[in-house]
Amino acid sequence: MRSLLFVPADSPKKLDKAMTTCADALIIDLEDSVAFDGKANARDSAAAFLKSAVPAAPRPYIMVRVNALQTGLTDADLDAIAPAKPDAIMLPKAEGGASIMHADAKLSVREAINGLPDGHIKIIAIATETAASLFVAGTYAGSSARLSALTWGAEDLSAELGAQTNRHADGNFLDPYRLARVLCLAGAAAAQVPAIDTVYVDFRNNEGFRRECEEAAREGFFGKMAIHPAQVPIINEVFTPSPASIKHAQSVIDAFIANPGAGVVNIGGVMYDQPHLSRAKRLLARAKPARS
Ligand code: COA
Ligand code: MG
């Protein structure tokens, strides 16, 4: 999953438009982009959209960002959307594996009520939005088989830390958010799920956006969340392995196949050992098409 496009659940126009983009996944948002008084209307709109979009094929992966467990709104969100069988929920303000187990239990009940197989609805967690969450970013492993990815957020975290801003004037993140970003990356790797990079709100600045995508791809993120359709093709391009990198990864794998039992090989005067082999395998796995 390379590109995940946020769409406010209370906008049928944007929901329809989102289906025409090449986003690998849509995040139908019931949380921060919907005002408190609009939650009920947004739930109805999300459910109606899911009912028409989920049976379509081909289609993007479709998840719903519910309101955080801390708000008391999550149950009503799940009651509204579970009958329409989303692929996943996105859980904001998650605080480690305990939050995932909590959401897992809530989902199991809705799946039973709606005749869905146990574990059908997956969970993608936003792992860095509260101060407390940073200290439990390493606790996601083994929390639930539903956990499919971790992502991170800098907006709520900066509000919680009392910060004036979360980026330098040049657009780069300040230290607390770089730490959060790394904790997401390491937390995801420890839990053996992909890490997805956060949003870039300056959505007319394609140059800055591309730079941030490239940095995230180099560091190990599998994809990035988008807030505007124009960001989707840039994400897809940057996070798709290039033909040259696929060819190189295949040559590393071939060298180990040609030297059975070897722990280390020489390709054109450069040493390759086990971490290089696993990187090559991961790159090839990533090169497969994302849409079902
Ligand atoms: N999903 C689907 N369609 C979108 C979209 C999105 N996230 N963002 C914009 N569009 C549509 C617009 O409706 C518009 O459609 P039209 O050409 O048919 O009129 C078109 O894309 C161009 O949009 P544009 O005029 O450039 O921007 P805007 O002022 O309409 O919207 C935002 C700007 C920021 C309000 C909008 O991009 C948005 O709602 N983003 C998602 C916000 C969100 O979910 N935040 C929570 C996560 S951080
Ligand atoms: Mg938020």
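Output the residues belonging to segment 28-53 that are surrounded by fewer than 21 Cβ atoms within 10 Å (Cβ to Cβ), farther than 23 Å from Gln231 by Cα and away from ligand 2 (no atom under 15 Å from the Cβ).
Taking segment 28-53 as the starting set, the residues that turn out to be surrounded by fewer than 21 Cβ atoms within 10 Å (Cβ to Cβ) are 32-33, 35-41, 44, 47-48, 51-53.
Filter again for farther than 23 Å from Gln231 by Cα, leaving 35-41, 44, 47-48, 51-52.
Those that are surrounded by fewer than 21 Cβ atoms within 10 Å (Cβ to Cβ), farther than 23 Å from Gln231 by Cα and away from ligand 2 (no atom under 15 Å from the Cβ): Asp37, Gly38, Ala40, Asn41, Asp44, Ala47, Ala48, Lys51, Ser52.
How many residues does segment 161-183 hold that are within 26 Å of Pro194 (Cα to Cα) and open to solvent by 30 Å² or more (accessible area, probe 1.4 Å)? Before the answer, list the steps.
Kept after step one, since they are within 26 Å of Pro194 (Cα to Cα), are these residues of segment 161-183: 166-167, 171-183.
Add one more test, that the residue is open to solvent by 30 Å² or more (accessible area, probe 1.4 Å), and what stays is 167, 172, 174-176, 178-179, 182-183.
Qualifying residue count, segment 161-183: 9.
Of everything in segment 184-197, what is farther than 7 Å from Leu150 by Cα, open to solvent by less than 10 Å² (accessible area, probe 1.4 Å) and not small (Gly, Ala, Ser)? Give them in sequence order.
If the condition is that a residue be farther than 7 Å from Leu150 by Cα, open to solvent by less than 10 Å² (accessible area, probe 1.4 Å) and not small (Gly, Ala, Ser), then Asp197 is the only one that fits.
Which one of Ala149, Ala112 is over 19 Å from Ala226 (Cβ atoms) and among the aliphatic types (A, V, I, L, M)? Outline the logic, then answer.
Values: Ala149 fails: over 19 Å from Ala226 (Cβ atoms).
One residue alone meets the criteria, Ala112.
What's the total number of residues in segment 213-250 that are under 11 Å from Leu284 (Cα atoms) and open to solvent by 40 Å² or more (accessible area, probe 1.4 Å)? Write out each step before concluding.
From segment 213-250, those under 11 Å from Leu284 (Cα atoms) are 240-243, 245-250; that's our starting set.
If we keep only those that are open to solvent by 40 Å² or more (accessible area, probe 1.4 Å) too, we end up with 240, 242-243, 246-248, 250.
Matching residues across segment 213-250 total 7.
May I ask you to say which residue of Ala105, Ala141, Ala132 is away from ligand 1 (no atom under 16 Å from the Cβ), part of a helix (DSSP H, G or I), open to solvent by 30 Å² or more (accessible area, probe 1.4 Å) and over 27 Å from Asn41 (Cα atoms)?
Working: Ala105 fails: over 27 Å from Asn41 (Cα atoms); Ala141 fails: part of a helix (DSSP H, G or I).
Among Ala105, Ala141, Ala132, only Ala132 is away from ligand 1 (no atom under 16 Å from the Cβ), part of a helix (DSSP H, G or I), open to solvent by 30 Å² or more (accessible area, probe 1.4 Å) and over 27 Å from Asn41 (Cα atoms).
Among the numbered criteria (1) over 21 Å from the mean Cα position of the chain (by Cα); (2) open to solvent by 20 Å² or more (accessible area, probe 1.4 Å); (3) within 16 Å of ligand 2 (Cβ to nearest atom), which one does Ala56 miss?
Of the numbered conditions (1) over 21 Å from the mean Cα position of the chain (by Cα); (2) open to solvent by 20 Å² or more (accessible area, probe 1.4 Å); (3) within 16 Å of ligand 2 (Cβ to nearest atom), the odd one out for Ala56 is (3).
Kindly indicate whether Ala25 is in contact with a helix residue (DSSP H, G or I) (Cβ under 9 Å, 6 or more places away or on another chain) and away from ligand 2 (no atom under 16 Å from the Cβ).
Working: in contact with a helix residue (DSSP H, G or I) (Cβ under 9 Å, 6 or more places away or on another chain): no; away from ligand 2 (no atom under 16 Å from the Cβ): yes.
Judged against the criteria, Ala25 is not a match.
So, of the residues in segment 57-72 that are within 16 Å of ligand 1 (Cβ to nearest atom) and either out of contact with any Leu (no Cβ under 8 Å at 6 or more places or on another chain) or assigned to a strand (DSSP E or B) (or both), which turns out to be farthest from Phe6 (Cα to Cα)?
First pass over segment 57-72, keeping only residues within 16 Å of ligand 1 (Cβ to nearest atom): 59-68, 71.
Filter once more, keeping what is either out of contact with any Leu (no Cβ under 8 Å at 6 or more places or on another chain) or assigned to a strand (DSSP E or B) (or both): 59, 61-65, 71.
Numbers: Arg59: 15, Tyr61: 12, Ile62: 10, Met63: 10, Val64: 9, Arg65: 9, Thr71: 21 Å.
Per the stated criteria, the residue is Thr71.
Return the residues of segment 188-204 that are out of contact with any Phe, Trp or Tyr (no Cβ under 7 Å at 6 or more places or on another chain), of a type outside the set (A, V, I, L, M, F, W, C) and within 19 Å of Leu174 (Cα to Cα); say none if nothing qualifies.
The answer is Asp202, and nothing else.
Kindly check whether there is at least one residue in segment 32-53 that is closer than 21 Å to Ala154 by Cβ, more than 16 Å from the chain's Cα centre (by Cα) and hydrophobic (A, V, I, L, M, F, W, C).
To start, the set of residues in segment 32-53 that are closer than 21 Å to Ala154 by Cβ comprises 32-34.
Narrowing further to those that are more than 16 Å from the chain's Cα centre (by Cα): 32-34.
From what is left, the residues that are hydrophobic (A, V, I, L, M, F, W, C) are 34.
Scanning segment 32-53 turns up at least one residue that is closer than 21 Å to Ala154 by Cβ, more than 16 Å from the chain's Cα centre (by Cα) and hydrophobic (A, V, I, L, M, F, W, C).
Can you tell me which residue within segment 144-154, out of those that are in contact (Cβ under 8 Å) with a residue 60 or more places away in the chain and not in a loop (DSSP other than H, G, I, E, B), is nearest to Ala94 (Cα to Cα)?
Of segment 144-154, the ones in contact (Cβ under 8 Å) with a residue 60 or more places away in the chain are 148-149, 151, 153.
Adding the requirement that they be not in a loop (DSSP other than H, G, I, E, B) leaves 148-149, 151.
Numbers: Ser148: 14, Ala149: 12, Thr151: 10 Å.
Of everything passing the filter in segment 144-154, Thr151 is nearest to Ala94 (Cα to Cα).
Considering only segment 90-100, I want to know if a residue exists there that is open to solvent by 10 Å² or more (accessible area, probe 1.4 Å), in contact (Cβ under 8 Å) with a residue 40 or more places away in the chain, on the phi > 0 side of the Ramachandran plot and within 16 Å of ligand 2 (Cβ to nearest atom).
Within segment 90-100, one or more residues are open to solvent by 10 Å² or more (accessible area, probe 1.4 Å), in contact (Cβ under 8 Å) with a residue 40 or more places away in the chain, on the phi > 0 side of the Ramachandran plot and within 16 Å of ligand 2 (Cβ to nearest atom).
Only one of Glu129, Glu111 is within 19 Å of Asp87 (Cα to Cα) and among the acidic types (Asp, Glu); which?
Working: Glu129 fails: within 19 Å of Asp87 (Cα to Cα).
Exactly one residue qualifies, and that residue is Glu111.
Go through segment 22-55 and count every residue that is within 16 Å of ligand 1 (Cβ to nearest atom), closer than 15 Å to Pro86 by Cα and either part of a loop (DSSP other than H, G, I, E, B) or of a type in the set (Lys, Arg) (or both).
So the count comes out to 3.
The values are calculated or read from the model by the stated rules, or taken from the named source; none is laboratory data. Remember, it's a predicted structure, so these values are computed and weren't measured experimentally. Note that we place each Cβ from the backbone using ideal geometry, even for glycine, and neighbour counts take in every protein chain shown. For accessibility, only protein heavy atoms count, side chains too; no ligands or nucleic acids. Shrake-Rupley method; radii C 1.70, N 1.55, O 1.52, S 1.80 Å.
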